[in-house]
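Each remark here refers to the structure printed beneath this line.
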Amino acid sequence: MIDFCSQDAKPLLLVDEAIAKIQASVTSVKEQELVDLKNALGRVLAEDVYAKVPSPPYKNSAMDGYAFCSNEVNYAQDFVLKVVGTAWAGRPYKGEVSSGQCLRIFTGALVPEPLDSVIMQEHVTVSDNQVQFPLTTQPYQNIRKQGEDVAIGSIVLEANKVLSAMDLGLLASVGIEKISVIRQIKVAFFSTGDELQTLDQPLACGQIYDSNRYTLNGLLNNPQYSVVDMGVIADDPEALETSFLKAAQHFDVIITTGGASVGDADYIEEVLDRCGQVNFWKLAIKPGKPLAFGKIGRCHFFGLPGNPVAVVVTFQYLVEPALKKLAGLVASKKLQMFATSLSSLNKSKGRQEYQRGILTQDSDGEFFVSSAGKQGSNILKSMSQANCYIVLPVDCQGVKEGDKVKVDLMPGACVV
C-alpha cells in the first residue's frame with residue numbers, strides 16, 4: 001500500500017500482513033517450571049491438570065437447615081421428624097439417623113447416609129426437637145453431591161491457559177499445591193537517542209526526558225515476562241551493535257524505541273541488517289510507520305519508533321501478540337465494536353490509523369465515540385485520557401460526525 005503522504009516509492013506493508021509475518025516467525029517456548037499455586041497468577045499452564053481429589057470431596061449441605069431421608073417421607077401431607085443431632089462444617093455427626101428422625105445441619109457439613117435431602121431452616125417449624133415439614137417439601141434439594149464440580153482424575157484445566165484468580169481457587173479445591181507453567185519470556189528493552197535524559201538529571205538545551213522506557217516498563221508488567229530495562233544507548237552504530245549482540249545471548253526478545261526512522265542518526269535498521277536479519281521495515285500504520293522487525297540469532301528484535309504514542313500502538317498491535325505466542329498462548333482477537341462518531345476525524349489515504357478516542361454508552365446500550373484530543377504521535381495526554389482506539393482503514397479519507405466507526409477498547413479500559 002502506497003502512503004500518499006510519504007515519499008516512499010515502495011509499497012508499505014499492511015498491518016495484518018505484518019502481524020502474520022511476525023506470528024509465522026515466532027515459536028512458543030517449551031521450557032517449563034514448577035511454581036507454588038500462590039505464585040501462579042497470570043502464568044500459562046504448561047500441561048493439562050488432573051484432579052487429585054473430587055470437588056466437593058463429600059456430599060454436603062448447601063444450606064442451613066434439616067437433613068432427612070426422602071424415602072421415609074409421605075409428601076402427600078405435612079410430616080414431623082425428630083431432631084437427633086447436629087452436623088457442623090468440619091465436625092460431622094457421628095451417630096445414626098433412623099426412620100422418623102432428621103439432623104440439624106449447617107452449610108458445608110457432611111450429609112451422612114442414608115440422608116439425601118435438606119430443607120432450609122426458614123421453611124420449617126421447630127418445637128421441642130420436633131420439626132414440622134410443610135406440604136411443599138421437595139426431595140433431593142440443597143444437596144451438593146461428591147464430585148459434582150470436578151470428578152477425581154478428570155481434567156481440571158487444559159494446557160496453555162492463563163491462570164486467573166478463579167483458576168487458582170479451582171486448583172486448590174482439588175488438592176493441587178504446585179503447578180507446571182511455561183517459563184517466563186525474557187525481554188530486554190532500551191531507548192536510543194542522544195537527546196534523551198534520565199529523570200534524576202536536569203534537562204540541557206535540546207534534551208527531553210525519556211518517557212518511553214517508563215511506558216514499556218508498564219506495558220511489560222506481566223507475570224509471563226521477565227523484563228530488564230537496559231537504559232539509554234547513544235546514537236552510535238558500534239554501541240548499538242555491541243548492545244544488540246550482547247543482549248541477544250541472554251534474552252528471547254529485544255525491544256528498542258527510537259532510531260528506526262530514516263534520519264541521518266537513525267541506525268537501527270542498518271545495525272540490525274549487519275548483525276542479524278531484517279524481516280521487514282516500515283508499515284502502513286499511523287502512528288508507527290518506521291518499525292523494524294527481525295532476529296539476531298534466536299532472539300526476536302522489535303525496533304519501535306521513538307514517538308511515545310507510536311510506541312504504545314505498535315507494542316499493543318504487533319509486539320504483544322508475538323510475546324503471547326512465545327508464552328504458549330493461542331492468538332486472540334481484540335474486542336471490537338462499532339460506534340457512532342461524535343467528532344469529525346481527519347485522515348489521508350494510505351495507512352491504517354489508530355486515533356485515540358473516548359467511548360461512551362447511553363441508556364439504550366448504543367455506543368458513541370469522540371476524539372480524545374490532539375492526535376500527534378508525540379501527544380501523550382490524549383493517550384492517557386483515551387479509553388479506545390478509533391480504527392480507520394487504509395482507504396478511509398476522513399470521518400464525518402454521525403458516521404459509524406470501528407473501535408478497539410484499550411486493554412484494561414472501561415466504557416464511560
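A few comments on the model shown:
- Some residue of segment 91-111 being closer than 30 Å to Phe301 by Cα, over 34 Å from the mean Cα position of the chain (by Cα) and either surrounded by 14 or more Cβ atoms within 10 Å (Cβ to Cβ) or modelled with pLDDT of 95 or more (or both): no
- Pairs where the first residue, in segment 192-205, is assigned by TED's automatic domain parsing to the domain that holds Pro308 and the second is acidic (Asp, Glu), C-beta under 7 Å, 6+ apart: Thr192/Asp235; Gly193/Asp235; Asp194/Asp235; Leu196/Asp210; Gln197/Asp210; Thr198/Asp210
- Among the residues of segment 331-345, the ones that are surrounded by 12 or more Cβ atoms within 10 Å (Cβ to Cβ) and more than 30 Å from Asn160 (Cβ to Cβ) come to 7 in all.
- Residue satisfying condition, being of a type in the set (A, V, I, L, M), under 20 Å from Gly297 (Cβ atoms) and touching a Leu at 6+ places or on another chain (Cβ under 9 Å), within set Val181, Val232, Val187: Val187
- Screening Ala24 against (1) without any contact (Cβ under 8 Å) to a residue 24 or more places away in the chain; (2) closer than 29 Å to Val156 by Cβ leaves a single unmet condition, (2).
- When the residues of segment 275-290 are filtered to those that are in contact (Cβ under 8 Å) with a residue 60 or more places away in the chain and in a loop (DSSP other than H, G, I, E, B), the one that is farthest from Ser348 (Cα to Cα) is Lys282.
- Top-ranked residue in segment 47-76 [being touching a helix residue (DSSP H, G or I) at 6+ places or on another chain (Cβ under 6 Å) and under 26 Å from Val124 (Cα atoms); ranked as surrounded by the most Cβ atoms within 10 Å (Cβ to Cβ)]: Gly65
- Leading residue by the ranking (nearest to Pro92 (Cα to Cα)) among those in segment 21-58 that are of a type in the set (Val, Ile, Thr) and in a loop (DSSP other than H, G, I, E, B): Val53
- The single condition among (1) touching a residue at least 24 places away in the same chain (Cβ under 8 Å); (2) surrounded by 13 or more Cβ atoms within 10 Å (Cβ to Cβ); (3) under 28 Å from Lys286 (Cα atoms) that Ile182 does not satisfy is (3).
- Check on Lys334, touching a Leu at 6+ places or on another chain (Cβ under 8 Å), over 22 Å from Gly412 (Cα atoms) and in a loop (DSSP other than H, G, I, E, B): no
- Top-ranked residue in segment 264-290 [being at pLDDT below 90 and hydrophobic (A, V, I, L, M, F, W, C); ranked as nearest to Lys21 (Cα to Cα)]: Phe280
- Screening segment 113-137 for residues that are free of Cβ contacts under 8 Å to residues at least 40 places away in the same chain and part of a loop (DSSP other than H, G, I, E, B) and picking the one that is farthest from the chain's Cα centre (by Cα) gives Asp128.
- Positions within segment 337-348 being under 21 Å from Val312 (Cα atoms) and either assigned to a strand (DSSP E or B) or out of contact with any Gly (no Cβ under 8 Å at 6 or more places or on another chain) (or both), in sequence order: Met337, Leu345
- Residues located in segment 349-384, provided they are surrounded by 15 or more Cβ atoms within 10 Å (Cβ to Cβ) and assigned to a loop (DSSP other than H, G, I, E, B): Lys349, Gly350, Arg351, Ala372, Gly373, Gln375, Ser377, Ile379
- Evaluating Asn387 against the criteria (1) surrounded by fewer than 19 Cβ atoms within 10 Å (Cβ to Cβ); (2) farther than 17 Å from Gly288 by Cβ leaves one unmet condition, (1).
Per-residue answers, yes or no, for (1) outside the structural domain of Phe79 (by TED's automatic domain parsing); (2) not hydrophobic (A, V, I, L, M, F, W, C):
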| position | (1), (2) |
| --- | --- |
| Pro134 | no, yes |
| Thr137 | no, yes |
| Ser154 | yes, yes |
| Glu158 | yes, yes |
| Lys161 | yes, yes |
| Leu171 | yes, no |
| Ile176 | yes, no |
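- Residue match in segment 150-173 (condition: among the β-branched types (Val, Ile, Thr), under 30 Å from Lys324 (Cα atoms), crowded, with 16+ Cβ neighbours inside 10 Å and in contact with a Ser or Thr (Cβ under 9 Å, 6 or more places away or on another chain)): yes
- In the set Ser348, Ser363, only one residue is farther than 30 Å from Leu163 by Cβ, free of Cβ contacts under 8 Å to residues at least 24 places away in the same chain and either acidic (Asp, Glu) or not assigned by TED's automatic domain parsing to the domain that holds His300 (or both); that residue is Ser363.
- Any hit, segment 291-313, residues being part of a helix (DSSP H, G or I), modelled with pLDDT of 85 or more and under 19 Å from Lys186 (Cα atoms): no
The values are calculated or read from the model by the stated rules, or taken from the named source; none is laboratory data. Predicted model, so just to flag it, every value in this text is computed and none were measured. Methodologically, a virtual Cβ is constructed for each residue, glycine included, from the backbone with ideal geometry; neighbour enumeration extends over all protein chains shown.
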